Amino acid sequence: MQIHVVRPGQTLTGIANAYDSTTEAIIQANALPNPNNLVIGQTLIIPISGRLYYVQPGDSLYEISRRFQVSIDEIVSLNQLNPSQPLAIDQRLALPPRSRIAIDVNGYIEPRPPLETEPQVIQEVGNELTYLSIFSYHVTPEGGLIPVEDTPSIQAAYPFHIVPVLVITNMVENQFDADLGEAILNDINLQNQVLDQAFAIMAEKGYLGLNIDFEHLRPEDREPYNQFLRLTVQRAREHGYTVSTALAPKVSGEQAGAWYEAHDYPAHGEIVDYTVLMTYEWGWSGGPPMAVAPLDQVRRVVEYAASVMPVEKIMMGIPLYGYDWTLPFEPGGEFARAISPQQAIELAAQYGATIQYDEQAQSPFFLYQEEDGTEHEVWFEDARSIQAKFDLVKELGLRGVSYWVLRIEFPQNWLLIQDNFDVNKRV
């Protein structure tokens, strides 16, 4: 697959001709919402074998080699170049396909009406999933579990050899609750009741994995949480189930804050089969405009995790969404609207915006103004930002990636999964 960034004056026909492709193939690959109104800065996936690159001013073989992590000898050989001759601007160079590794891919899904949507989503991306984590069964103060309508998702997962994963949370009215977490984590009888119910549900419905997502816990519940995980793993082994956890994005063991202190990275890395790092929400709906998952911050979290737990237990979180903020941002004011990458492109096309790219965050963004003069700032994910995250997974040799949340349309992501990875199937 080729990633192309639209430049001023380019048309879909001209881009297709430049890559010996067709407009129909590009439209289909990207589920292109604006084929007749391309946006400057918009990324397109071009479905070709290998990669092509057009030489830009200031390029050298060394720079191209470094940027694409391909040896100079490979570039010279593929293109029958004389390395002593300077490159010509707009010269077309063939590059080898990206290196591929095998990884696990998890996708969280939230069943909600209409329930037929979940099977449709799973059918579309099922070949690229190892796990399907169904969010979520809420723990009750009495040690019970409040169910979700999960049967359609589980049944849709099995034909694609996806591991269905039951997610349990300490949520009350859709908010993580420290009091509930404390009550469960400090009462062995309640813990066993929760696990009794969880394993009974898993056996009845066909779940094969358990994901524990307890958040906003008090610092003093750090070790009780670790002990609960040890009990969970011990009991899960009797049934052959995997156990995983979701972890807040920490950059050190001493990081303060309600979301961080009770999440013990070294202990989780020792106890459970794998962890999901929630490496997103730097830019969040109630905060100021910024990238949802800036690569420099994601790297800090993942590198800390890799320093205290086995890399083969680390799943890096990736958002499938972005946010549209109304400006000026005011703390406590209007929350940003969550949007898909497809919706972001439609907005940019509608308002004639130019998509910019933050090189430090490795994230795209743009500004637009409504007809009434209201200004907006949008940050989202595109093929470039996703490829940058995949490169980090390869660099550090992580177990894989985990998506929040399925149902959000982003066809470029799944094409890049196919281009970069062989997705493990564990059932």
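The values are calculated or read from the model by the stated rules, or taken from the named source; none is laboratory data. On a predicted model such as this, the values are computed, not experimentally measured, just so you know. Please note: Cβ atoms are built from the backbone with ideal geometry, for glycine as well, and neighbour counts cover all protein chains shown.
The single condition among (1) modelled with pLDDT of 95 or more; (2) closer than 23 Å to residue 418 by Cα; (3) surrounded by 15 or more Cβ atoms within 10 Å (Cβ to Cβ) that residue 47 does not satisfy is (1). If you go through region 348-366 and pick out every residue that is surrounded by fewer than 19 Cβ atoms within 10 Å (Cβ to Cβ) and part of a strand (DSSP E or B), you end up with 3.
For residue 345, the test of being in contact with a Pro (Cβ under 8 Å, 6 or more places away or on another chain), in contact (Cβ under 8 Å) with a residue 40 or more places away in the chain and either surrounded by 21 or more Cβ atoms within 10 Å (Cβ to Cβ) or at positive phi (or both) is passed. Scanning region 240-249 for residues that are part of a helix (DSSP H, G or I) and surrounded by fewer than 15 Cβ atoms within 10 Å (Cβ to Cβ) turns up nothing.
For region 356-374, a residue qualifies if it is touching a residue at least 60 places away in the same chain (Cβ under 8 Å) and of a type in the set (Ser, Thr, Tyr), and the qualifying residues are 357, 363.
Residues are listed down the side, and each one gets a yes or a no for (1) under 21 Å from residue 303 (Cα atoms); (2) β-branched (Val, Ile, Thr); (3) surrounded by fewer than 22 Cβ atoms within 10 Å (Cβ to Cβ):
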position	(1), (2), (3)
368	no, no, yes
372	no, no, yes
377	no, no, yes
382	no, no, no
387	yes, no, yes
395	yes, no, yes
413	no, no, no
419	no, no, yes
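Restricted to region 58-73, and to residues there that are outside any loop (DSSP other than H, G, I, E, B) and touching a strand residue (DSSP E or B) at 6+ places or on another chain (Cβ under 8 Å), the residue that is farthest from residue 395 (Cα to Cα) is 64. Checking each residue in region 286-301 for being surrounded by 15 or more Cβ atoms within 10 Å (Cβ to Cβ) and either over 11 Å from residue 389 (Cα atoms) or without any contact (Cβ under 8 Å) to a residue 12 or more places away in the chain (or both) picks out 287, 289, 290, 291, 292, 297, 300, 301.
For region 74-85, filtered to residues that are part of a loop (DSSP other than H, G, I, E, B) and free of Cβ contacts under 8 Å to residues at least 12 places away in the same chain, the residue that is farthest from residue 17 (Cα to Cα) is 84.
Rundown of residues vs (1) touching a Lys or Arg at 6+ places or on another chain (Cβ under 8 Å); (2) among the aliphatic types (A, V, I, L, M), yes/no style:
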position	(1), (2)
110	yes, no
136	no, no
157	no, yes
172	no, yes
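Is region 405-416 home to any residue that is outside any helix (DSSP H, G or I), more than 15 Å from the chain's Cα centre (by Cα) and over 24 Å from residue 50 (Cβ atoms)? No, the conditions are met nowhere in region 405-416. Consider region 92-104 and keep the residues that are assigned to a loop (DSSP other than H, G, I, E, B) and surrounded by 14 or more Cβ atoms within 10 Å (Cβ to Cβ). The one that is nearest to the chain's Cα centre (by Cα) is 98.
Restricting attention to region 1-26 and to residues that are buried (at least 16 other Cβ atoms within 10 Å of the Cβ) and part of a helix (DSSP H, G or I), the residue that is modelled with the lowest pLDDT turns out to be 18. Each residue in region 302-340 was checked for being in contact (Cβ under 8 Å) with a residue 24 or more places away in the chain, touching a Ser or Thr at 6+ places or on another chain (Cβ under 8 Å) and not aliphatic (A, V, I, L, M), and 9 of them qualify.
Listed by position, the strands (runs of 3 or more DSSP E) inside region 298-347 whose residues that are more than 18 Å from residue 248 (Cα to Cα) number at least 2 are 322-327, 337-339.
Tell me, yes or no, whether region 43-57 has at least one residue that is in a helix (DSSP H, G or I), without any contact (Cβ under 8 Å) to a residue 60 or more places away in the chain and among the aliphatic types (A, V, I, L, M). No, there is no match, as no residue in region 43-57 is in a helix (DSSP H, G or I), without any contact (Cβ under 8 Å) to a residue 60 or more places away in the chain and among the aliphatic types (A, V, I, L, M). Scanning region 126-160 for residues that are acidic (Asp, Glu) and surrounded by 22 or more Cβ atoms within 10 Å (Cβ to Cβ) yields a count of 1.
If you go through region 161-177 and keep only what is over 22 Å from the mean Cα position of the chain (by Cα) and surrounded by 18 or more Cβ atoms within 10 Å (Cβ to Cβ), you end up with 170, 171, 177.
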